[in-house]
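Reading through the structure tokens given below for one structure.
The values are calculated or read from the model by the stated rules, or taken from the named source; none is laboratory data. Being a predicted model, the structure only gives us computed values, none of them experimental. Methodologically, a virtual Cβ is constructed for each residue, glycine included, from the backbone with ideal geometry; neighbour enumeration extends over all protein chains shown.
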Amino acid sequence: MPFVPSNFYRTSLAGLHQRLQDSALTRTYLTGTGIRLDGTTPNPDDLYELPIGIFSIIEFAHLFSVFDNSRVHQQAQHSFGPDEAPPGLYFTISNSHLIQHPNKNRLGLYADPNGGTDLFIDGLHVDHYILNEHNTPPSLGTVAFALCAIMGHLAGLSHISLVAAGGRGFDQRYIGYRVWPKLGFDAPLTQDEVAQAPHLAHCHTVQDILATNAEWWDNHGSQRLMTFDLTANSTSWKKLLLYVDRKLSEGGLP
Amino acid sequence: MKNHVINKPTETPQQATVAGKRVFKFPYKNIPVVTSEMWKQMEAAARVPRKDRRYPVMIEVPDA
């Protein structure tokens, strides 16, 4: 169903959204076909009523990165999950080709108090997300995330959250602490984190550091909960739009 | 900062308005809101090293 686009969407996202939708990757892997939803095979014109609006199958697939031929399971989670995912409405996605077996991707919507009696669904939490590095075409992860962010903005979400893993003192198999910020994720610095780096004394966030000395973050940064700010003109959008634009201009986005 | 432009309270029930189309409904009933205290708990948990946890991975390493 059509969402009411914000001015920011019209001026800054619509063109990219169309290009992403027209890309060969989207038309091959994110068309909303072949999906099984809790044992049901949806029809192309079925609708999905979520607390943030009514979605077509393609919009639903783009919001939750549901690749074609995936199986999807819905779960209402009433407390913290085993990996500290917040209470929310989650979708677990399995795909034998694109998601690294035996993992499943898991993304969900959650609500923040709004300072009043209204309950607002504000966030999308990425609990688990791992693509099969052997079967996933180059740039599909970027396309899927950009579509997720754009769809989230259109649907009125304020942020996407995840744990960006690895770095100093953490599991060295992960480099999410370096990668996710390059796509626009951000987090506050911990107390005294830059105490030994006077040239970063003015920095309060990961993005502040990247703007000043990205190499320092690569070498000294570490794991934490990060968010992508979906609100208009955010630093997150500036980073993501630059990155995707670069991919497009380099011909790296089929 | 909240994206208030088109956000809607969940208290307002929504109706599928297109006749003849099947509508899958995913209600958000009895799921607690994430309070600032819970958010702090998530932030603290994320800072605890764990070997048994699988974290979100973007397999494409950005080139810049």
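Exactly one condition in (1) closer than 15 Å to A:LEU225 by Cα; (2) outside any helix (DSSP H, G or I) is not met by A:GLU133; state its number.
That leaves (1) as the condition not met.
Quick check, is A:ASP45 closer than 14 Å to A:ASN105 by Cβ, within 14 Å of chain B (Cβ to nearest Cβ) and charged (D, E, K, R)?
no
Which count do you get for residues in the range A:53-79 that are part of a loop (DSSP other than H, G, I, E, B) and farther than 28 Å from A:SER139 by Cα?
Number satisfying all stated conditions: 2.
Within the range A:43-52, is there a residue that is in contact with a strand residue (DSSP E or B) (Cβ under 9 Å, 6 or more places away or on another chain) and hydroxyl-bearing (Ser, Thr, Tyr)?
There is at least one residue in the range A:43-52 that is in contact with a strand residue (DSSP E or B) (Cβ under 9 Å, 6 or more places away or on another chain) and hydroxyl-bearing (Ser, Thr, Tyr).
For a quick check of your reading of the model, give me the residue pairs whose first member lies in the range A:66-89 and is among the hydroxyl-bearing types (Ser, Thr, Tyr), whose second is in a loop (DSSP other than H, G, I, E, B) and modelled with pLDDT of 95 or more, with beta-carbon atoms closer than 7 Å and at least 6 apart or on different chains.
Going by the 7 Å Cβ cut-off, the qualifying pairs are A:SER70/A:ILE35; A:SER70/A:ASN95; A:SER79/A:PRO87.
Out of A:PRO82, A:PRO42, A:PRO86, I need the residue that is of a type outside the set (Ser, Thr, Tyr), touching a helix residue (DSSP H, G or I) at 6+ places or on another chain (Cβ under 8 Å), modelled with pLDDT under 95 and in a loop (DSSP other than H, G, I, E, B). Which one?
Within the list A:PRO82, A:PRO42, A:PRO86, the selection yields A:PRO42.
Could you list, in sequence order, all residues of the range A:54-87 that are at positive phi and at the interface with chain B (Cβ under 7 Å from one of its Cβ atoms)? Write out each step before concluding.
Step one: filter the range A:54-87 for residues at positive phi, giving A:65, A:69, A:84.
Residue satisfying the conditions is A:GLU84 alone.
So if I check each of A:CYS203, A:CYS148, which one is more than 9 Å from chain B (Cβ to nearest Cβ), in a loop (DSSP other than H, G, I, E, B) and modelled with pLDDT of 95 or more?
Sole residue among the options that is more than 9 Å from chain B (Cβ to nearest Cβ), in a loop (DSSP other than H, G, I, E, B) and modelled with pLDDT of 95 or more: A:CYS203.
Check whether at least one residue in the range A:18-30 is out of contact with any Cys (no Cβ under 9 Å at 6 or more places or on another chain), without any contact (Cβ under 8 Å) to a residue 60 or more places away in the chain and at positive phi, and report yes or no.
no
Is there a residue being within 30 Å of A:PRO2 (Cα to Cα) and either more than 9 Å from every other protein chain (Cβ to nearest Cβ) or touching a strand residue (DSSP E or B) at 6+ places or on another chain (Cβ under 8 Å) (or both) anywhere in the range A:163-179?
No, the range A:163-179 contains no residue that is within 30 Å of A:PRO2 (Cα to Cα) and either more than 9 Å from every other protein chain (Cβ to nearest Cβ) or touching a strand residue (DSSP E or B) at 6+ places or on another chain (Cβ under 8 Å) (or both).
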